[in-house]
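Taking it in order: structure first as structure tokens, then the write-up.
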Amino acid sequence: IRLHRLVPDSPSPNIVKPEASKAFLVLHKVRNIGQTTDSVTGTEAKSLSLPIDEDDSPSTLLAPVLETNKAKVDVAKSMKIEISKTGESVPSDDRLLTKQGESMTFAIPSLTDTPDVSVQWAVHSMKKDGTYRDWVDQNTGSTSTFTPLNAGIYQVKATVDGYEYFYSWNRKDPHSSLNVGDKNAFGVYQVEWQKKMFEKAQSYLGSTYYATSRALPSSQDPRGLFGKGNNKCNVFVADVCYNAGYGVDQPTGGIYLGGPPSANRWSAIPEPPATATIAIDGWSVCSDDTPIPGQVTARYYTPSGHCGIVDFDGRWISAGGANVNRKADFITYKSAPDPTDPHATLPATRRTR
């Protein structure tokens, strides 16, 4: 259901009280799916002319429409896509990670008893710059089985009688700006180390241990390199790697004062005055175009870059100023290797084992 507020330039004869009216409500067609119908169903759109005074609240204004068309409002709200691993009766929560080759089931529970409804499923996968490839059609029907043959980040949509519905968040994400109804995605990992990195990074979400406002304890930072006011995203990444069983080496030749690899070093872009990158033992730069959960990702920036771990939906789990969160992503966090040209940006770098 789509409710549009239209402000006409001049009074319309269709408005009940032109002198007090400010808008129309246009209720677009929602097809009859086993629900009680009225005159709106089966038409492309019906204008509902309502007087809208300055003091009218949204709830007062919409009450007649929602009451009259309750059946169709219920239908629109019920178009929720659920995803579960095939064979599991309970749908996965908003944070879904599965393994390459494992079968998954997409479903719209409200349509299971309406086999005559046309439903076309489709998926597409994320690219390294955070955008998505074209949609690829899958099966039809109120439920569909999908087996990801490639690791990556996937979004899902169902086209029901010509109207598109997306796999979306069922709750507000406490660690990012995502809210109920925002498009969600699920992740597919390829090998075990990616799953371990993902799970370990997830366990830190909300932690204030790496906050800019506090210093690391002397037991971890005996030289006092990461005190109050210092960014610690690289320490977080190093700790995730170490605690997942894939520790990173110390910088060569004392660069970075013996601390763990910096975000800029993870990005594999030389930091002036250096003209060559310094390798990170056990971690190579990804050459493909597909982010995978559990990979280390970093963007170069002057004077300080940023790094994190790729989460199930392509956002980054990383240590920000206040806590470990999911606020960074591939769209907004790009590398800027040339400080004299802020528009010469590159996609963030990803590292694999």
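Give me the Debye-computed log₁₀ of I(q)/I(0) at q = 0.20 Å⁻¹ for segment 277-336, equal point scatterers on Cα only, no solvent, two decimals. Ignoring solvent entirely, the Cα scatterers give -0.83. Would you mind classifying segment 145-223 by shape? Square roots of the alpha carbon gyration tensor eigenvalues, ordered a ≥ b ≥ c; an a/c under 1.5 is rounded, otherwise it is prolate if a/b is larger than b/c and oblate if not. Because a/c hits 1.5 or more and a/b fails to exceed b/c, segment 145-223 counts as oblate. Could you tell me which of rounded, prolate or oblate describes segment 92-206, using a ≥ b ≥ c as the square roots of the eigenvalues of the alpha-carbon gyration tensor, with rounded for a/c under 1.5 and, failing that, prolate when a/b is larger than b/c and oblate otherwise? Taking the square roots of the gyration eigenvalues as a ≥ b ≥ c, segment 92-206 is prolate. Modelled spin labels at residue 147 and residue 279, positioned 7 Å past Cα toward Cβ, are 3.9 nm from each other.
Taken along the Cα-to-beta-carbon direction at a fixed 7 Å, the label points for residue 353 and residue 80 span 3.7 nm. List residues of segment 269-313, by number, whose backbone nitrogen lies under 19 Å from a label position 7 Å along Cα→C-beta of residue 207. Counting only backbone N, you get 294-298, 306-312. Of 210, 301, 165, the sequence from fewest to most neighbouring Cβ atoms within 10 angstrom is 165, 301, 210. For the peptides 276-282, 214-220, the ranking by packing is 276-282, 214-220, with the highest mean count of neighbouring Cβ atoms within 10 Å listed first.
Only alpha carbons enter this Debye calculation for segment 83-127, each as an equal point scatterer, and the log10 of I(q)/I(0) it gives at q = 0.14, 0.17, 0.22, 0.33 Å⁻¹ is -0.44, -0.64, -0.97, -1.29.
Could you tell me whether segment 213-343 comes out rounded, prolate or oblate from its Cα gyration tensor? Rule is a ≥ b ≥ c as square roots of the eigenvalues, rounded for a/c under 1.5, then prolate if a/b exceeds b/c, otherwise oblate.
Values: a/c = 1.30, a/b = 1.14, b/c = 1.14.
Rounded, since a/c falls under 1.5.
Here residue 131 and residue 220 are evaluated by their C-beta separation; at R0 = 45 Å the FRET efficiency comes out at 0.75.
Near the amide H of residue 168, within less than 5 Å, lie the amide hydrogens of 81, 184, all on another chain or at least 5 residues away, with H placed in the peptide plane. Net length available on complete extension from residue 179 to residue 346 is 57.3 nm, with 0.36 nm assigned per residue and the Cα-Cα distance removed.
Going by average Cβ neighbours within 10 Å, how do the peptides 232-243, 329-340 rank, with the highest at the top? Mind showing how you got there, number by number?
Working: 232-243: 23.2, 329-340: 15.8.
In descending order of packing, they fall as 232-243, 329-340.
Any chance you could run the full-extension gain for residue 159 through residue 139? It's 0.36 nm times the residue separation minus the Cα-Cα distance, nm to one decimal.
Once the chain is fully extended between residue 159 and residue 139, it gains 6.1 nm.
Each value in this text was obtained by applying a stated rule to the coordinates, not by laboratory testing. Keep in mind it's a predicted model, so treat the numbers as computed, not measured. FYI the Cβ positions are ideal-geometry reconstructions off the backbone, even for glycines, and counts take in every protein chain you see.
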